[in-house]
Every structure is written in structure tokens, then in C-alpha cells.
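Where a number appears in this text, it was derived from the coordinates with a stated rule and is not lab data. Computed from a predicted structure; not experimentally measured. Here the Cβ positions follow ideal geometry from the backbone for every residue, glycine too, while neighbour counts run over all protein chains shown.
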Amino acid sequence: MPMRTWFRRHRLKLAAAGAIAAAGVATVPTVLDGPDPGEAVRADARRVHCLSDEHRAELVRVAIRLGEAAPGSTDVRFRPVRDKRVAAPTTLDEWSDSSTDAFTRACEPLVALTGAKPLQEPPAGPPLLQRIGTSPLFTLLLGALLAFFTSLWTARTVRRQTLTDQLNAAATGYLKVADGVRQARSRGTTPDGGALEGCRLQLWSAILSTPLPETESRDLLRILDDAHRTVKERDFDDARTTEQLARLYGGLARVIRGELAAPAGNAVPAGNAVPAGNAALAGNAEPAVIETGGGR
């Protein structure tokens, strides 16, 4: 299958995938975890809390308990432990600046025990998919996509129905005129060949305009050519003409009703050469309109 044909056949699916991908790209950055502007403020607040006069002694005791400071340390003579070795004495403030990870490890438990809620880490947010699903932007994009594809599907359905109605009208017109020519020739009178040719061109154009698979369209056009030839050929055979028009009726009826067109040479089942209800092919003047089933 040529690449161009593949893209044309799957253009709606590709458009849907592209639209969904675009919606995801536009929505996800708004809900992904990013830098929390409040975290820097909370970190400074925890530092002030732990280094306050009220909690300095408690911070030293916590550091000793966690192995970040040697026993006997004070806030003015703080002896940090690095790689399980006691380092040179320093002050608590200098240690908080030079060993931020160790300071944070000792400060956070102290904040949890003595600090207020604003100083502590906020609870974990909902899962990513839940945040995307409840995002106003995602809801807006989803509604827009649904409206777009609904209108696109509606327009496509209306177009198909319009083309099917045009095919039905052209088929009815051609069958009516063709049966009139058949009756005239069977009576030995001169038929209206110009009207028949005009109706054939209209039906030919309607078949080509109807969105059919290539094989179905080709088979239906071949059936039309065979029927048209038998109506106009010099050695007129009424029975053969009736059979060919019945085959054409059967093929058109299947297409208009949304069924698969019958293979060439077998458009009407054996024993049913003239479809029931088709007044034109039964020998009357007016053909019955083919009832549509909503188009293809």
C-alpha cells in the first residue's frame, strides 16, 4: 500500500493521536513536580528555628545522638564527626554553614518535635495522573478535542449521507430511463438514447464520488457498463437486458444500504434475477427507490 494512501486512510487516527499528544505536552508541565517556591522559605525558617537561643542546646544533643557530633560538644565548641572521625572544634553556626547536609539531618527531627506545621515538609501530593485529570487546562483541552472530533464525525457522516442520496437519485433515474428504453425496444419503437446516456454519465459520476473501496467501485462500474451495453446493443435481447439491469440494481442496492458490493458476475443471487419490489425491472414504468440504510 503506498504511503500516501495509508496516510489518507488513517488521517483521522493520526489527527487524534497528534491532538492527544499536543494536549499532553501542554498539560503535563503544569502538573509535574517542579521547584517549590515555598521550600526555600521553609528551609530558612527551619534554620532560624534550630539556631535560635531556645533550641541551640537541643540541636547539639540531637547532633550527638545522630552521630554528627562528638559527645561533650557545645554550641560554642562544637566537635563535628566526619567519616567517623572527630574533626577540629568549631562553633555551631560555622558547622551549620560548612556541613549543610549534617546540619539538615539534625535540624529536621528537631523541627518535627518542636516546630510548627509551617516549618515542616508539606504532605505528598496526589499521583501524577490524578493531577493531570483534575487540571483545568486538561479539562479544557479534552472538551475542545471532543467538540472538534464530534463536529468532524458529524460532517463526515452528513457528507457520506449526501453522497449516498446522490447515488440513490442517480441510480433511480438511470434504472427508470433504462427500463423505458428496454420496453420501447421490446415493442419495436425508437427509444430516447440521449436521455439514457445522460443518466449513465450521472450515475457514473455518482459512483466515483461515493467513498467506496477501489475494487467495489471498479466492479460496480463494470456492471453498469455491461447493463448499458445490453440495453443499447443492436441484437436486442429482452431477457438478457432484464437480467443485466437486475444485476446493476443488486450492486447499487448493496452499496446504498452500506453492504459490501457483490463480486462482478454474481451481483444478484441465482433465482432472484429481478429483485422483489423493483417495479422498473419487473416491467412497470416506475422504478422503486432503493431504501438506504444510513449510507456507508
(message) Quick check on packing: order 61-73, 188-200 by the mean number of other C-beta atoms within 10 Å, highest mean leading.
(response) 61-73, 188-200
(request) Kindly write out, for segment 212-226 in residue order, the coupling ³J(HN,Hα) from the Karplus curve 6.51 cos²θ - 1.76 cosθ + 1.60 (θ = phi - 60°), rounded to whole Hz, with x marking Gly and Pro. (result) 10, x, 4, 5, 5, 4, 5, 5, 5, 5, 5, 5, 4, 4, 5
(request) Whole Å is fine, so just give me how far the alpha carbon centre of segment 159-227 lies from that of segment 240-254. (result) 10 Å
(request) For ARG257, list long-range residues whose amide hydrogen, built 1.01 Å from N in the peptide plane, is under 5 Å from its own amide hydrogen. (result) GLY293
(request) Tabulate in residue order the Karplus-calculated ³J(HN,Hα) for segment 228-234, using 6.51 cos²θ - 1.76 cosθ + 1.60 with θ = phi - 60°, rounded to whole Hz; enter x for Gly and Pro. (result) 5, 5, 5, 5, 9, 5, 4
(message) Using a 7 Å offset from the Cα along the Cα-to-Cβ direction at both ASP225 and THR150, what is the distance between the two label points in nm, to one decimal?
(response) 4.7 nm
(message) Which residue, PRO109, ALA57, GLY67, has the largest displacement toward the positive end of the dipole of segment 37-119 when charges sit on each Cβ (Lys, Arg +1; Asp, Glu -1)?
(response) GLY67
(message) Given R₀ = 41 Å, what would the calculated FRET efficiency be for VAL158 paired with PHE236, taking r from the Cβ atoms and rounding to 0.05?
(response) 0.45
(request) Report the charge-dipole magnitude of segment 37-119 in Debye, nearest 20, computed about the Cα centre from +1 at each Lys and Arg Cβ and -1 at each Asp and Glu Cβ. (result) 320 debye
(request) With a Förster radius of 25 Å, plug the Cβ-Cβ distance of ARG65 and GLU94 into 1/(1 + (r/R0)^6) and report the FRET value to the nearest 0.05. (result) 0.75
(message) Spelling out what I want: for every residue of segment 72-80, take phi, set θ = phi - 60°, compute 6.51 cos²θ - 1.76 cosθ + 1.60 (Karplus), and round to whole Hz; glycine and proline get x.
(response) x, 6, 10, 6, 9, 9, 8, 10, x
(request) Would you mind computing, in nm to one decimal, how far apart the modelled labels at GLU58 and ASP75 are, each placed 7 Å from Cα along Cα→Cβ? (result) 1.2 nm
